[in-house]
Each structure stands twice: as C-alpha cells, then as structure tokens.
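S.K.: Right, I'll just put the structure down here and ask away after.
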Ligand code: LAC
Ligand code: ZN
C-alpha cells in the first residue's frame with residue numbers, strides 16, 4: 001500500500017449507469033477528484049481510489065446497491081467520516097465506495113425512555129447535540145466527533161475519552177438496522193433495555209467493521225445530562241505513578257470519574273514546543289494526566305477533585321496541578337490531547353499509529369521498552385506516547401520526516417505488536433483491525449476464534465464483497 005492519494009483503479013465490474021438506474025444519477029459520483037478524496041482514511045494509507053462513489057439516500061437504496069454488487073461480484077468499501085486509523089475504510093484495488101452521508105439526521109429522541117433513533121451518516125457531534133437539546137447525554141465522545149459518523153462509530157465499536165465512565169460504543173447501542181451483502185434489510189431497532197428474545201443479532205454488526213453488513217440506523221441509549229464538569233491537568237512525579245493515580249482516582253472520584261487521559265512527557269513536550277499548544281503548567285512533567293469528573297453539582301465535583309489532588313500532593317505522586325476555572329480553560333487543557341492527533345498528517349511526512357491494550361500493571365514498562373527499541377532502530381523519528389490509561393489503552397505514534405517504506409512500516413509494526421502479544425494485550429484496543437493490523441490478529445486471538453470469524457463472514461457475505469481484506 002502507498003501512503004498517498006491515488007487515481008481510481010478503474011476496475012469496477014459495474015458502470016455508473018448500472019447504479020444510477022437503482023439510486024438516481026445524482027447519488028452516483030464518478031468525478032476523479034471526488035474519488036481521490038475517498039482513497040484513504042486518516043492514516044493516508046491506500047491501494048487505490050474507488051472506481052465509483054455511491055451515496056444512496058435511504059436504506060432501500062443501500063439494499064439495491066449491495067444486492068447488485070453481490071450478484072456481480074463487485075467489491076465495496078463502506079465509508080463513514082474516514083477518521084479511522086486501521087485502514088478499514090481505505091480503498092483497495094477494484095473497489096467502489098459506499099458512503100452513508102445522505103442517510104443523516106436524528107429521527108427521534110424519546111426523553112422518557114432516554115433513547116435516540118439516529119441514521120448512520122449522522123456525525124457523532126450532531127447526535128450529541130440532539131441529546132443535549134433534551135437535557136440528555138450520549139456517553140460516547142472522541143476527538144473526531146465533528147467528522148466521524150454513527151455508522152463508523154458502531155462499525156468499529158469506537159472507544160474514546162469517556163470509556164472509563166460510560167463504556168465502549170457497544171453498550172450504548174440498543175438496536176440497529178443493517179443491510180446484508182445480499183441486500184436483505186435486517187430491521188432490529190430494539191428500544192428495550194431488557195430484551196433476551198433470541199440471539200442478540202446487533203452484535204454481528206458492532207465492531208465488525210462493515211465486513212458482515214452495513215449499519216444504516218441505530219437506537220442509542222442516553223442518560224441524564226451531567227452539566228457540572230471539573231477538569232484538571234495533573235503533573236505526576238514519574239511514569240510509574242500513573243497506576244497509583246488511577247487507583248486513587250477510581251477510589252476517591254468513584255462514578256464521577258469521566259476521563260483519565262495520560263500523556264507521557266514526549267507527547268506533551270512535542271505538542272507544546274512544536275505543535276503550538278499552550279502548556280498550562282510551569283514545565284512538562286515526566287507524566288501528566290487530564291482528569292475530568294461529571295455530575296450535577298459544580299461545587300461537589302470541584303471538591304471531589306481537590307480532595308483527590310490533595311491526597312496525591314501529600315503522598316508525593318502529584319507534583320503540580322491546575323484545575324480549570326472556566327470552560328475556556330478546560331478547553332485549553334484538553335486541546336493538545338483532543339486536537340493534536342488530527343494534526344499528525346500535516347505535521348509529519350509519514351506516521352504510524354498504534355492503538356493497543358496492555359495489562360494495566362505492565363503498561364508503563366511495555367511502553368518504555370517499545371519506545372527504546374524504536375528509538376534505537378530509527379533515531380530520527382518522533383515518538384509520542386499517550387492513551388486512555390483508565391481503559392489500559394495505550395496510543396503510540398511514530399512520526400517520520402518522509403513516508404516510511406513498506407519494509408520500515410512492517411519492522412516498526414512487528415516491534416510493537418510482538419511486545420503487545422507477549423504480555424497478553426490486544427493488537428487493537430479501539431480502532432479495529434482494518435487492513436493494517438490484519439496480519440497481527442493471531443497475536444491476540446486464537447486459531448479457533450479466527451476460524452469462526454471466517455465462517456461467519458462466509459455465511460453472511462458468501463461473495464466476499466463487503467470490505468474484503470479487512471479484519472479476517
Ligand atoms: C485518540 C484517538 C485517535 O485517542 O483514538 O486520540
Ligand atoms: Zn484513542
């Protein structure tokens with residue numbers, strides 16, 4: 001795969017006219033520039049641009065397109081906001097792209113049941129806003145909220161910065177509608193919290209990265225809005241203190257704890273010295289953490305956070321801290337963590353992103369070992385270490401001056417994934433397997449598990465047209 005924008009591979013079995021007859025010419029795009037913009041996700045890695053881009057305006061249109069693709073063996077890549085980091089939505093040769101962007105909007109919010117019905121092409125941010133209008137909140141949040149779509153969030157079982165308090169996407173999905181590869185529309189829009197009536201089929205489509213079906217709508221679970229938010233940037237005396245701080249935060253902040261984002265000094269130094277973000281502390285500490293709590297009473301949230309910080313200062317693992325006194329200050333604290341990762345493609349000539357889970361007690365030493373080995377092999381690269389440490393989820397980024405070649409990428413990948421495999425971690429924590437991690441799946445899953453995944457794939461998509469070459 002090349003890390004660049006590419007021309008269409010032009011090997012579609014089907015013409016624009018074939019699809020225009022099904023969903024209308026206005027929903028079938030063949031303009032070269034528009035297609036080239038659909039070649040790759042945030043990684044920039046891709047084999048080709050899609051030969052066509054389909055934008056059906058309703059579920060029925062998605063069904064008609066997929067039925068034709070199955071009949072004719074036409075491969076399809078399903079795309080949302082293209083903010084993924086595993087190459088799942090990046091195009092391969094001979095594929096056409098299916099975008100759900102015309103299936104956008106919140107259909108309904110039920111304040112009594114605390115549920116929302118939303119179409120797959122809706123951005124996460126729009127769904128969050130619609131919930132807030134009813135004094136409810138959606139417990140899913142990630143930096144890409146303005147571009148990523150609900151369909152992509154569900155397809156990848158996305159994580160993000162709220163998982164420590166509210167869990168992964170999977171727990172927020174009550175029901176969904178999906179289109180199978182043969183065009184069958186499976187409407188399973190359950191809105192009951194309790195429903196054990198047979199197999200929970202929605203799980204076939206959550207986190208399976210569009211390989212078993214295309215999510216078109218969903219019923220999401222909401223909760224009462226917690227308007228009181230306390231945010232602190234906390235300096236720790238050393239990397240090892242992150243687990244001490246985490247245990248203390250869980251104990252003293254309890255269910256209020258809504259974010260716990262660790263930043264190693266390499267990350268915060270780079271973001272403040274080179275990427276232009278403010279540093280609200282006197283100096284970059286060896287380890288820092290953004291801690292956020294949410295509740296209904298501002299004074300209570302601040303008091304809880306202050307008591308936690310006082311405990312850490314007394315014990316010595318906290319060396320400095322700043323608590324935000326305004327929404328603007330909270331935003332400044334979050335900015336490097338929230339906005340920094342979207343800038344990698346502009347900052348670096350080439351970048352390799354890692355999103356792994358490591359048993360929490362081994363996370364600091366595993367990160368150090370990986371960092372050292374990569375630094376020894378490629379002394380010129382920028383290394384950034386951070387993550388959702390409350391979820392044992394480490395992000396590690398390697399930034400190159402120029403695009404690394406495939407052999408370099410593989411060598412770097414192997415160092416990280418082998419280290420993760422050795423300690424019983426997960427090669428994907430929250431971004432999915434896509435194309436880029438497919439070779440490493442056996443480091444985290446058994447042969448029997450992978451075989452069952454393949455059998456499910458063969459059953460639901462016998463022609464192999466849906467996101468082929470991803471996951472398994
Ligand atoms: C993050 C995304 C990229 O945590 O997972 O920044
Ligand atoms: Zn993340």
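S.K.: Return the only residue of 153, 185 being at pLDDT 95 or above and surrounded by 21 or more Cβ atoms within 10 Å (Cβ to Cβ). Talk me through it step by step, then tell me what you get.
M.R.: Details: 185 fails: surrounded by 21 or more Cβ atoms within 10 Å (Cβ to Cβ).
From the options 153, 185, the qualifying one is 153.
S.K.: I'm trying to understand the selection: among the residues of region 375-384, which are within 18 Å of residue 414 (Cβ to Cβ), touching a strand residue (DSSP E or B) at 6+ places or on another chain (Cβ under 9 Å) and outside any strand (DSSP E or B)?
M.R.: Initially, region 375-384 is screened for residues within 18 Å of residue 414 (Cβ to Cβ), giving 375-378, 381, 383.
Still in the running and touching a strand residue (DSSP E or B) at 6+ places or on another chain (Cβ under 9 Å): 375, 378, 381, 383.
Residues satisfying the conditions are 375, 378, 381.
S.K.: Let me ask something additional. Check region 169-183 and report whether any residue there is out of contact with any helix residue (DSSP H, G or I) (no Cβ under 6 Å at 6 or more places or on another chain) and within 15 Å of ligand 1 (Cβ to nearest atom).
M.R.: No.
S.K.: Can you tell me which residue among 108, 127 is surrounded by 24 or more Cβ atoms within 10 Å (Cβ to Cβ) and at pLDDT 95 or above?
M.R.: On the way: 108 fails: surrounded by 24 or more Cβ atoms within 10 Å (Cβ to Cβ).
Of the residues listed, the single one that is surrounded by 24 or more Cβ atoms within 10 Å (Cβ to Cβ) and at pLDDT 95 or above is 127.
S.K.: Filter region 10-40 down to residues that are crowded, with 17+ Cβ neighbours inside 10 Å and modelled with pLDDT under 95 and give me whichever is nearest to ligand 2 (Cβ to nearest atom).
M.R.: Across region 10-40, the extreme among qualifying residues is 12.
S.K.: Restricting attention to region 324-363, report how many residues are under 24 Å from residue 282 (Cα atoms), more than 16 Å from ligand 2 (Cβ to nearest atom) and in contact with a strand residue (DSSP E or B) (Cβ under 7 Å, 6 or more places away or on another chain).
M.R.: Taking region 324-363 first, the residues under 24 Å from residue 282 (Cα atoms) are 324-341.
Okay, now just the ones that are also more than 16 Å from ligand 2 (Cβ to nearest atom), so 324-333.
Those still in the list that are in contact with a strand residue (DSSP E or B) (Cβ under 7 Å, 6 or more places away or on another chain) too: 324, 330, 333.
Adding up the residues that qualify gives 3.
S.K.: Condition first: out of contact with any strand residue (DSSP E or B) (no Cβ under 7 Å at 6 or more places or on another chain) and within 16 Å of ligand 1 (Cβ to nearest atom). Now tell me which residues in region 429-472 satisfy that.
M.R.: Start the filter on region 429-472 by keeping residues that are out of contact with any strand residue (DSSP E or B) (no Cβ under 7 Å at 6 or more places or on another chain), which leaves 432-435, 437-443, 445-464, 469-472.
Scanning region 429-472 gives 432, 433, 434, 437.
S.K.: Looking at 399, 387, which is the one that is on the phi > 0 side of the Ramachandran plot and assigned to a strand (DSSP E or B)? Talk me through it step by step, then tell me what you get.
M.R.: Numbers: 399 fails: on the phi > 0 side of the Ramachandran plot.
Step by step, each of 399, 387 is checked, and only 387 is on the phi > 0 side of the Ramachandran plot and assigned to a strand (DSSP E or B).
S.K.: Here's another thing I want to ask about it. Looking at residue 390, is it within 16 Å of ligand 2 (Cβ to nearest atom), touching a strand residue (DSSP E or B) at 6+ places or on another chain (Cβ under 6 Å) and under 30 Å from residue 292 (Cα atoms)?
M.R.: Yes; evaluated as a whole, the condition is true for this residue.
S.K.: Please tell me if residue 310 is surrounded by fewer than 16 Cβ atoms within 10 Å (Cβ to Cβ) and either within 30 Å of residue 41 (Cα to Cα) or touching a strand residue (DSSP E or B) at 6+ places or on another chain (Cβ under 8 Å) (or both).
M.R.: On the way: surrounded by fewer than 16 Cβ atoms within 10 Å (Cβ to Cβ): yes; either within 30 Å of residue 41 (Cα to Cα) or touching a strand residue (DSSP E or B) at 6+ places or on another chain (Cβ under 8 Å) (or both): no.
When the stated conditions are applied, residue 310 does not pass them.
S.K.: Evaluate region 141-157: report whether one residue or more is within 24 Å of residue 194 (Cβ to Cβ), within 12 Å of ligand 2 (Cβ to nearest atom) and in contact with a helix residue (DSSP H, G or I) (Cβ under 7 Å, 6 or more places away or on another chain).
M.R.: no
Condition check ((1) more than 21 Å from residue 362 (Cβ to Cβ); (2) modelled with pLDDT of 95 or more; (3) in contact with a helix residue (DSSP H, G or I) (Cβ under 8 Å, 6 or more places away or on another chain)) across all residues:
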| residue | (1), (2), (3) |
| --- | --- |
| 392 | no, yes, yes |
| 397 | no, yes, yes |
| 401 | yes, yes, no |
| 406 | yes, no, no |
| 412 | no, yes, yes |
| 421 | no, yes, yes |
| 426 | no, yes, yes |
| 430 | no, yes, yes |
| 437 | no, yes, yes |
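S.K.: Can you list the helices (runs of 4 or more DSSP H) found entirely within region 103-207 that contain at least 3 residues being free of Cβ contacts under 8 Å to residues at least 24 places away in the same chain?
M.R.: In region 103-207, the matching helices (runs of 4 or more DSSP H) lie at 124-132.
S.K.: Within the bounds of region 411-428, is there any residue that is assigned to a loop (DSSP other than H, G, I, E, B), in contact (Cβ under 8 Å) with a residue 40 or more places away in the chain and within 15 Å of ligand 1 (Cβ to nearest atom)?
M.R.: Filtering region 411-428 for residues assigned to a loop (DSSP other than H, G, I, E, B) gives 423-425, 427-428.
Right, trim to in contact (Cβ under 8 Å) with a residue 40 or more places away in the chain and you get 423-425, 427-428.
Filter once more, so that each one left must be within 15 Å of ligand 1 (Cβ to nearest atom): 427-428.
Yes, the conditions are met somewhere in region 411-428.
S.K.: With the structure loaded, tell me whether residue 142 is under 19 Å from residue 165 (Cα atoms) and within 16 Å of ligand 1 (Cβ to nearest atom) or whether it fails that test.
M.R.: When the stated conditions are applied, residue 142 passes them.
S.K.: Being closer than 16 Å to residue 425 by Cα and within 15 Å of ligand 1 (Cβ to nearest atom) is the filter here; which residues of region 368-393 pass it? Walk me through how you get there before you give the answer.
M.R.: Kept after step one, since they are closer than 16 Å to residue 425 by Cα, are these residues of region 368-393: 368-370, 387-393.
The answer is 387, 388, 389, 390, 391, 392, 393.
S.K.: Further question on the same structure: Give me a count of the residues in region 262-274 that are more than 23 Å from residue 360 (Cα to Cα), part of a helix (DSSP H, G or I) and in contact (Cβ under 8 Å) with a residue 24 or more places away in the chain. Show your work before the answer.
M.R.: Taking region 262-274 first, the residues more than 23 Å from residue 360 (Cα to Cα) are 269-274.
So of that shortlist, the ones also part of a helix (DSSP H, G or I) come out as 269-273.
Now drop any that are not in contact (Cβ under 8 Å) with a residue 24 or more places away in the chain, which leaves 270-272.
Matching residues across region 262-274 total 3.
S.K.: Look at region 41-59 and say how many of its residues are in contact with a helix residue (DSSP H, G or I) (Cβ under 9 Å, 6 or more places away or on another chain) and modelled with pLDDT of 95 or more. I'd like the intermediate steps shown before the answer.
M.R.: Keep residues of region 41-59 that are in contact with a helix residue (DSSP H, G or I) (Cβ under 9 Å, 6 or more places away or on another chain), which gives 42-45, 49-58.
Checking which are modelled with pLDDT of 95 or more leaves us with 49-58.
Count: 10.
The values are calculated or read from the model by the stated rules, or taken from the named source; none is laboratory data. Since we're looking at a predicted model, the values are computed, not measured. Reconstructed Cβ throughout: ideal geometry from the backbone, glycine too, with neighbour counts over all protein chains shown.
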